[in-house]
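Here's the structure, in structure tokens; my notes come after.
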Amino acid sequence: MREILLVTFIFSLGIAGCKSGTDSSPSVQYDVRFSNAEHNEADITLTAKNLLPGPVTVSMSRTSPGRYALHEFAKNVYEVTAVNSTGDTLEIDRPDLHNWTVKGHDGTVKFNYTLYGRHADGTYSGINEEHAHLNMPATFAWIRGLSSTPVTVNFYPPQNSSWDVATQLQKTDDPYTFKAPDYYYFLDSPTELSNFDTASWEASADTSGQTIQMAVHHNGTQQQVNEYADMAQKVVAEQVAVYGMPVDFDFDQYTFIVDYLPYVHSDGMEHRNSTILTSQTALKGDGALQNLYTLSHEFFHSWNVERMRPKSLEPFNFMEANVSGALWFAEGFTSYYDDLTIRRAGIISNEKYAADWAGTLNYVLNSVGNQYYSPIEMSQQAPFVDAATSVDAQNKSNTFISYYSWGATIGLGLDLTLRSTFEDVSLDDYMRAVWKKYGITEKPYTIDDLQQTLAEVTDSTQFAETFFDKHIRSGKQVNLKPLLANAGFVLQKAHANQSVISLGGAKISYEDGKATISENTQVGSPLYSAGLDVGDEIQSIDGQAIDNARDMQQLLAAHDPGSELSITYTSLGESYESMVTLVENPQLQVVPFEQVDKTVTDSINQFREDWLGSKATASQ
């Protein structure tokens, strides 16, 4: 177990004293019961023993590993009581919404509460008659000052149920009792209790005794799980090949905790030796492939994020928003590899891989967000967008590009640039180098460290400095068109010479004969330049009334890009007239040379194979 686990939870925890001596070391135990699961409740008792005299502070986390925004888990905790070792009631003060101060104990505190959970995903908890899906920070209160104390948890499934348990916690002889070496590992260990189907395989031929388990709670069949696990195993093998070695999982097991059910919320959340996967898409038809993309992303985090960690996220703060400028790498490069390793596994074709890229590139390259922030600054926006909610309107459609998508695009650009510029150097080599320096050692990295590692891999300080200054610190987009051509792919306009009046988020809704702009107009777009924005109603263009989408389509088809037309509209109840200049549809597509009758040379085939071909089979 890495030493850092014993220290990462220490962040302004205060002191909950404990008696000295081996026989009187503090102990922490949870007992979890589901007597009211049909009403989405769990009854939880936290018992701490061998505490020194004085008040004890019990806290509920405000965020969770893998999340960057605040989620305020205390809102679902109620019916709080506390007693001592003899059952006498203890005084509780609540200094704020996230903490309870327990006074007058005799060395033992039994802290009892009811948890409400009805949002099963990677962040929250979901409890009902069919399962208990527990994200630990959303479920368990903890005692400040006991960060390095081992934790025991006992689960008590509902009567007449036959729930099994899937978790990365350490097993014991009792199938419902588990242990964690410290509080951080405990809070990083999501747990599913249900009647799930399972599949498992050896993590790698290079490891001994390490297994990967898949626990799938769904409404399908064991055969569907087996087929899904076969695909997952191929993707895992390709990811192991990227780094040249598997992760050494604690307790010799990695667990995919999977809920593919109609009442869960789609999500994926990585943890040190497990991941949560939730989706309403079932494992039938194309559902398995749709779900595989998230599985691929989260497992790649076993290296990138779980062990290769930005210094800006160490130690993880459970009580405040976590801000990092490195998410373009931690999340974005992971997003680059989730599709790539599925392609390398032979599960999707070159055509499918190219089509998937088109959606990402349309979003990133046609955005104006890089006018406002660099990838580093965009990463730091995570607490505002990472499942965070607000009631006030935002201009994110103009000012924000997801660090997932932008980082993936940078990863594509860097990979193809390395392959095109240097002999036998690729992004795989770079990721392996970062892994050896900062993953195996579990030494947190800085962005300067990432730049220095690129300089070492390419043997060119100038290349690394130029790439980081231009594309990471300044936010200029990589010119992908010639790079993709090296691999026999064309990046081109999907609708050349077709006129459009809006771009990006500027959507127009048509109801009751009105054409209303329903989202912010994009900076620089025709509508934005003409003075229109969200909520405005278009009355006419070039003298023609616009009552429905067909009217708009016919008008645009009749005019070429560059045409300047009059436009009348209402804004806040007032009528206005302006001029709008049509532009060419910017939508992009990526297609293989074969689809546009371009020659695929031997060198292109070799480039493709080196990039998209299986690395797992090549290493066997």
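Structure notes:
- Angle of helix 447-458 to the longest C-alpha principal axis of the chain, folded into 0 to 90 degrees and rounded to 10: 70°.
- Proximal lysines relative to LYS110, as straight alpha-carbon distance under 28 Å, when same-chain residues fewer than 8 apart are discounted: LYS19, LYS49, LYS75, LYS171, LYS179
- Local electrostatic count, HIS105, Cβ distance below 11 Å [Lys/Arg +1, Asp/Glu -1]: 0
- Cα gyration tensor category, rounded, prolate or oblate, for segment 499-584 with a/c compared to 1.5: rounded
- This ranking places HIS39, HIS265, HIS471 by how few other beta-carbon atoms lie within 10 Å of each, fewest first, which gives HIS39, HIS265, HIS471.
- Residue-averaged [θ]222 nm for the chain, counting only DSSP H segments that reach four residues, each worth -39500 (n - 2.57): -7500 deg cm²/dmol
- Rounded, prolate or oblate (a/c below 1.5 giving rounded, otherwise prolate when a/b exceeds b/c) for segment 3-300 by Cα gyration tensor: prolate
- The residues neighbouring GLU423, those whose beta-carbon lies less than 14 Å from its own, together hold a net charge of -3 under the Lys/Arg +1, Asp/Glu -1 convention.
- On Cα atoms only, tilt of 334-344 relative to the major axis of the chain in degrees: 80 degrees
- Residues of type lysines that LYS396 reaches as a straight line, Cα spacing below 22 Å, ignoring anything fewer than 8 places off in the same chain: LYS476, LYS507
- Here's the list of lysines a cross-link from LYS311 could span, going by alpha-carbon distance under 21 Å and ignoring same-chain residues fewer than 8 apart: LYS436, LYS437, LYS443.
- Against the main long axis of the alpha-carbon atoms of the chain, helix 350-365 sits at an angle near 90°.
- Segment 360-516: C-alpha gyration tensor shape, a/c 1.5 cut-off, then a/b vs b/c: oblate
Laboratory data are not the source of any read-out in this text; all were calculated from the coordinates shown. This structure is a prediction, so every number in the text was calculated from the model and none was measured. In this analysis, Cβ positions are derived from the backbone assuming ideal geometry, glycine residues included, and neighbour counts consider all displayed protein chains.
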